[in-house]
Ligand code: C2E
Ligand code: MG
Ligand code: MG
Ligand code: MG
């Protein structure tokens with residue numbers, strides 16, 4: 001490769017970094033106003049049991065941006081996890097979920113729970129326990145109806161104190177779910193230290209392989225392991241009937257994925273399910 005080629009590449013990466021910095025600064029500066037202006041929307045994706053009956057929903061954030069249109073989480077969450085603004089987004093989502101649970105409860109629909117995501121960064125930037133307890137008390141909801149999805153990366157730092165926070169949340173009555181289980185590196189090792197109520201398995205990464213037979217064996221083992229540890233398993237990313245049948249056969253308990261429904265607006269979820 002000649003020198004010019006090399007220099008072009010350097011300019012290219014410089015541009016990319018500048019562009020990312022620009023976006024980070026721009027979106028960060030816009031967040032407060034976006035929240036006040038109702039640009040942040042909670043979408044809901046159904047979670048079902050083996051009969052396909054809806055049992056709850058996962059809250060997934062969308063930013064309806066005035067110039068960018070509907071922005072999915074990958075456009076802003078990773079940068080907000082680095083600069084701490086994720087805690088503003090998550091507090092917003094937790095409150096919206098609590099508000100909705102309260103509204104459903106008042107309307108006599110108390111069968112569904114709502115799962116919310118907790119970023120590992122929230123453990124650093126927020127007093128999670130205090131904030132969540134305050135929300136539950138303010139909206140007068142049953143904490144068991146608010147499922148907290150944590151990920152294994154939360155224990156990469158301050159392990160002891162973070163495990164204690166999770167324990168306290170469960171003692172208070174929150175349901176805690178280990179999200180994206182199997183996608184990180186510490187998965188198995190981590191299970192001996194942390195106690196959660198539900199294990200959530202992401203099919204996505206296992207099905208990105210040609211050797212589906214092998215993937216199915218791994219999934220089967222994870223489900224067995226989870227049962228041995230008394231944890232029900234929810235599988236996310238279920239896209240086909242054949243996946244659903246297989247997962248039911250190996251005794252997976254709950255399901256989430258495009259086969260059942262995509263994430264939709266609160267209004268659409270209510271129209272379909274209430
Ligand atoms: P996650 O928590 O693992 O959420 C599941 C993601 O998988 C969602 O993507 C969902 O739309 C997608 N999904 C569900 N079923 C299927 C399927 O059958 N096939 C495929 N291909 N995908 C499926 P989404 O909404 O784009 O969110 C991506 C990630 O962004 C989430 O992964 C979560 O880590 C993060 N996220 C979303 N909302 C929030 C939030 O409010 N707070 C925090 N901290 N993170 C969030
Ligand atoms: Mg999740
Ligand atoms: Mg997940
Ligand atoms: Mg995932």
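Can you tell me which residues in segment 34-47 are surrounded by fewer than 10 Cβ atoms within 10 Å (Cβ to Cβ) and assigned to a helix (DSSP H, G or I)? Talk me through it step by step, then tell me what you get.
Step one: filter segment 34-47 for residues surrounded by fewer than 10 Cβ atoms within 10 Å (Cβ to Cβ), giving 36, 38.
Hit for segment 34-47 is 36, nothing else.
Is it the case, given these coordinates, that residue 269 is crowded, with 18+ Cβ neighbours inside 10 Å, under 21 Å from the mean Cα position of the chain (by Cα), away from ligand 3 (no atom under 16 Å from the Cβ) and modelled with pLDDT of 95 or more? Steps first, please.
On the way: crowded, with 18+ Cβ neighbours inside 10 Å: yes; under 21 Å from the mean Cα position of the chain (by Cα): yes; away from ligand 3 (no atom under 16 Å from the Cβ): yes; modelled with pLDDT of 95 or more: yes.
Taking the combined requirement at face value, the residue satisfies it.
Does any residue of segment 148-160 turn out to be within 22 Å of residue 183 (Cβ to Cβ) and more than 20 Å from the chain's Cα centre (by Cα)?
The answer is yes, given that some residue of segment 148-160 is within 22 Å of residue 183 (Cβ to Cβ) and more than 20 Å from the chain's Cα centre (by Cα).
Name the residues in segment 156-188 that are within 21 Å of residue 114 (Cα to Cα) and exposed (fewer than 15 other Cβ atoms within 10 Å of the Cβ), would you?
Selection gives 167, 168, 171, 172, 173.
Restricting to segment 165-187, name every residue that is part of a helix (DSSP H, G or I) and at pLDDT 95 or above. If you could, list the steps in order and put the result at the bottom.
Residues of segment 165-187 that are part of a helix (DSSP H, G or I), as a first pass: 165-172, 187.
If the condition is that a residue be part of a helix (DSSP H, G or I) and at pLDDT 95 or above, then 165, 166, 167, 168, 169, 170, 171, 172 are the ones that fit.
Would you confirm, using the coordinates I've provided, whether residue 92 is in contact (Cβ under 8 Å) with a residue 12 or more places away in the chain, away from ligand 3 (no atom under 16 Å from the Cβ), within 27 Å of residue 124 (Cα to Cα) and crowded, with 17+ Cβ neighbours inside 10 Å?
It is false that residue 92 is in contact (Cβ under 8 Å) with a residue 12 or more places away in the chain, away from ligand 3 (no atom under 16 Å from the Cβ), within 27 Å of residue 124 (Cα to Cα) and crowded, with 17+ Cβ neighbours inside 10 Å.
Can you find, within segment 118-137, the residue that is surrounded by the fewest Cβ atoms within 10 Å (Cβ to Cβ) among those that are more than 11 Å from residue 165 (Cβ to Cβ) and within 17 Å of the chain's Cα centre (by Cα)?
120
Quick one: in segment 189-216, of everything that is surrounded by fewer than 17 Cβ atoms within 10 Å (Cβ to Cβ) and modelled with pLDDT of 90 or more, which residue is farthest from ligand 1 (Cβ to nearest atom)?
That would be 195.
The values are calculated or read from the model by the stated rules, or taken from the named source; none is laboratory data. This structure is a prediction, so every number in the text was calculated from the model and none was measured. All Cβ positions, glycine included, derive from the backbone under ideal geometry; neighbour counts span all protein chains shown.
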